Amino acid sequence: MPKVKGYIEIDQERCKGCGLCINACPTKVIELSEGFNSKGYHPAEAKHLERCIACGFCYRMCPDVCITVYREE
Amino acid sequence: MKKLLYKMPESLSGKEFTYCPGCHHGIIHRLIAEVVDELGIREKTLVVAPIGCSVFAYQFFNMDGTIAAHGRAPAVATGMKRARPDLYVFTYQGDGDLAAIGTAEIMHAANRGEKITTIFVNNAIYGMTGGQMAPTTLLGMKTTTTPYGRSAENDGYPMHMCEFLKEAKGIAYLARTKVNTPQDVEKTKKAIKKAFLAQVKGIGFGLVEVLSTCPTNWGIDPISANKWLEEHMIPEYPLGVFIDKVGDEK
Ligand SMILES: Cc1ncc(C[n+]2csc(CCOP(=O)(O)OP(=O)(O)O)c2C)c(N)n1
Ligand code: SF4
Ligand code: SF4
Ligand code: SF4
Ligand SMILES: [Mg+2]
């Protein structure tokens, strides 16, 4: 079990569904959602938050600054 | 209790970027904003936006700024910095802007040792105008103006701006980086910070060339574009620090 527990928020209206956060996440927290945002993209969704280790890789790779990362303390 | 680790930096305005999905321009904007936040100089920093996809960069940063005519950002930044040496000025330029129409401006600003900072986004193509060959386009690479691939005989060789610039005595910091992995994003941030510190400490001109993707005009998806950059751009444009007179951060 990971020792650090993380939590992310994704601004789905900003998201362009590029998938770079999904590709970067080492614990496969994020998936593209089935729904659309108002721009017509399938936005990223934090489907498996329990796996998040607060590494910030998703934030670092997101070109649209959609992701906020927290550590649970 | 939740402790905040990463959020949108204050030096971004929050306006949504106009870039295509997965385009590295957005990552590079965010890194500049994080560096300006960390240096605590947002209210004293001016951005000079180029002509290219990042033409609206001045709207995306939460700071004062302007747009220069194509390639002329280093000349405009020179004027701003000399008029107000108490402010910090950076140019944000694509490869069409900096390495084609603006080659003279960047060479001379660097050689004069203007105390400005340049972030040079090399995506090996003219993005904004629909994917024409740039001086930085790779040999064999297909663009709308090299439909059979760039040939050295007809179109010349890919232009290595850092290698050309590294003889300029006025340069305080010069590096080439990439942002296609989280680790590289962090390294690029450190390089951008040094290029700003070169100005903040009054040492001289600072430039970071960031190898960047253009998924739209490369005709591939964003994840494949990150791999393509690794496989094709790195052999042509090796990463490295060419000049560092800044030393340690403190
Ligand atoms: C004087 C002038 N010449 C040509 C153009 C057309 N033009 C607009 S953007 C551009 C190239 C932009 O490419 P680059 O600097 O690589 O930026 P990117 O869009 O790839 O980020 C050109 C040639 C122009 N706007 N002004
Ligand atoms: S912080 Fe790390 S573990 Fe958590 S979602 Fe982002 S990339 Fe995945
Ligand atoms: S990296 Fe950002 S824009 Fe791309 S899918 Fe993830 S949240 Fe959306
Ligand atoms: S055309 Fe290329 S450089 Fe321009 S925003 Fe789209 S992906 Fe980015
Ligand atoms: Mg370009």
Just to be sure before I move on: is residue A:32 away from chain B (no Cβ under 11 Å), surrounded by fewer than 18 Cβ atoms within 10 Å (Cβ to Cβ) and in contact (Cβ under 8 Å) with a residue 40 or more places away in the chain in the structure I sent?
no
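Could you check, for segment B:193-210, whether at least one of its residues is closer than 17 Å to residue A:23 by Cα and among the basic types (Lys, Arg)?
Taking segment B:193-210 and keeping what is closer than 17 Å to residue A:23 by Cα, we get none.
No, segment B:193-210 contains no residue that is closer than 17 Å to residue A:23 by Cα and among the basic types (Lys, Arg).
Quick one: which helices (runs of 4 or more DSSP H) sit completely within segment B:156-225 and have at least 1 residues that are surrounded by fewer than 23 Cβ atoms within 10 Å (Cβ to Cβ) and within 14 Å of chain A (Cβ to nearest Cβ)?
Working: elements: B:161-165, B:182-200, B:215-218.
By residue number, B:182-200, B:215-218.
Sort through B:99, B:124 and tell me the only one that's assigned to a loop (DSSP other than H, G, I, E, B), away from chain A (no Cβ under 14 Å), closer than 19 Å to residue B:208 by Cα and within 16 Å of ligand 4 (Cβ to nearest atom).
On the way: B:99 fails: assigned to a loop (DSSP other than H, G, I, E, B).
From the options B:99, B:124, the qualifying one is B:124.
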Being away from ligand 4 (no atom under 16 Å from the Cβ), more than 18 Å from residue B:6 (Cβ to Cβ) and of a type in the set (Ser, Thr, Tyr) is the filter here; which residues of segment A:10-52 pass it?
A:33, A:38
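Mind listing just one residue for me: the one in segment B:105-116 that is part of a helix (DSSP H, G or I), within 17 Å of the chain's Cα centre (by Cα) and more than 16 Å from ligand 5 (Cβ to nearest atom) and, of those, farthest from the other protein chains (Cβ to nearest Cβ)? Before you say what the answer is, go through the steps one by one.
Our first condition is that a residue be part of a helix (DSSP H, G or I); within segment B:105-116, this holds for B:105-112.
Pick out the ones that are also within 17 Å of the chain's Cα centre (by Cα) and you get B:105-107, B:109-110.
Then drop every residue that is not more than 16 Å from ligand 5 (Cβ to nearest atom), which leaves B:105, B:107, B:109-110.
Numbers: B:105: 28, B:107: 30, B:109: 28, B:110: 28 Å.
Residue satisfying both the conditions and the ranking: B:107.
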Based on what the data block shows, is residue A:22 crowded, with 23+ Cβ neighbours inside 10 Å and either under 12 Å from the mean Cα position of the chain (by Cα) or away from chain B (no Cβ under 11 Å) (or both)?
no
Does residue B:44 count as farther than 30 Å from residue B:108 by Cβ and either modelled with pLDDT of 95 or more or of a type outside the set (Val, Ile, Thr) (or both)?
no
Filtered residues of segment A:14-38 (kept if in a loop (DSSP other than H, G, I, E, B) and within 24 Å of residue B:226 (Cα to Cα)):
A:14, A:15, A:16, A:17, A:18, A:19, A:25, A:26, A:27, A:28, A:29, A:33
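The values are calculated or read from the model by the stated rules, or taken from the named source; none is laboratory data. Keep in mind that this is a model prediction, so the values were computed, not measured. Glycine also receives a Cβ, built like all others from the backbone with ideal geometry; neighbour counts cover every protein chain displayed.
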